[in-house]
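So the structure is just underneath, and the comments pick up after that.
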Amino acid sequence: MSCATLNLMLPFPRFRIPFHRPAELRIDVDPSAKGRGESLETLHERIHSPGDPLHGLPGFGLHDPQFKVHIREADGEFYAYVEDLQRHCLAGCTVFNRLVEVDRNADLHLRSPHSRYLAQYQRRGIATAVYEWALSSGICLMTGARQSAGAHALWRSLAQRYESGFADLRGKKLSYLGREIGAWDLNRLETRMFLLRRETSLAQFGAAVGMLHTPRQGRPRNAPNPPPI
């Protein structure tokens, strides 16, 4: 077994500070940041309150020195709080959630990111940098059942630089669908996209998470149309 395979089989490492174009996944979520300012303000206050669990978190700077990312780990999930150092506030955050739909082996390696950033901080490469931090730290990423338009664009961009593909997720098991799939598979809630950290090959990932290699060939004969979402 190679060193890369052994490394993938280990649990997530501690913090280390330092994407072929997929078709479109389902886009039916629009997580607006409006109305969440108070929550971000509270988080910002806690980050700068001595004695609070969020105070003194490890962090790193972004490509733009205006921003700093504070990282927290809790129960196997990772939280990235992005602070605007000039305006003394949080621009937003990304949570790398565990996937309850996968089995224990896949849970060791996969997290599903969900981001919320205030409108004035979107389209500035912030979420991209946070996702790349996760991939460089040894985390492989998988989408949830649905995506916002912004999240879809981000995943499409990352897939140009990182190994990516699609899998069918049901019964807590992953079945590989391929690097590109048809519209029928894309519209199913069981279809998920994944991104692999740069040091990991598709074969190593499949072995580590127990992914079956059973690519589908589009919509089965006489299959009903997926329900609208």
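The values are calculated or read from the model by the stated rules, or taken from the named source; none is laboratory data. Bear in mind that the values here come from a model prediction, so they are computed numbers and not experimental data. Here the Cβ positions follow ideal geometry from the backbone for every residue, glycine too, while neighbour counts run over all protein chains shown.
Structure above, values below:
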{"read-out": "Residue satisfying condition, being part of a helix (DSSP H, G or I) and surrounded by 21 or more Cβ atoms within 10 Å (Cβ to Cβ), within set Phe166, Phe205", "value": "Phe205"}
{"read-out": "Considering residues of the range 62-79 that are assigned to a loop (DSSP other than H, G, I, E, B) and not hydrophobic (A, V, I, L, M, F, W, C) only, the residue farthest from Thr42 (Cα to Cα)", "value": "His63"}
{"read-out": "Qualifying residue in the range 206-222 (condition: out of contact with any helix residue (DSSP H, G or I) (no Cβ under 9 Å at 6 or more places or on another chain), at pLDDT 75 or above and more than 22 Å from Ser115 (Cα to Cα))", "value": "yes"}
{"read-out": "Some residue of the range 174-190 being part of a helix (DSSP H, G or I) and among the aliphatic types (A, V, I, L, M)", "value": "yes"}
{"read-out": "In the range 98-113, residue surrounded by the most Cβ atoms within 10 Å (Cβ to Cβ) [restricted to those that are hydrophobic (A, V, I, L, M, F, W, C) and part of a loop (DSSP other than H, G, I, E, B)]", "value": "Val102"}
{"read-out": "Tally of residues being surrounded by 15 or more Cβ atoms within 10 Å (Cβ to Cβ) and part of a loop (DSSP other than H, G, I, E, B) across the range 80-97", "value": "0"}
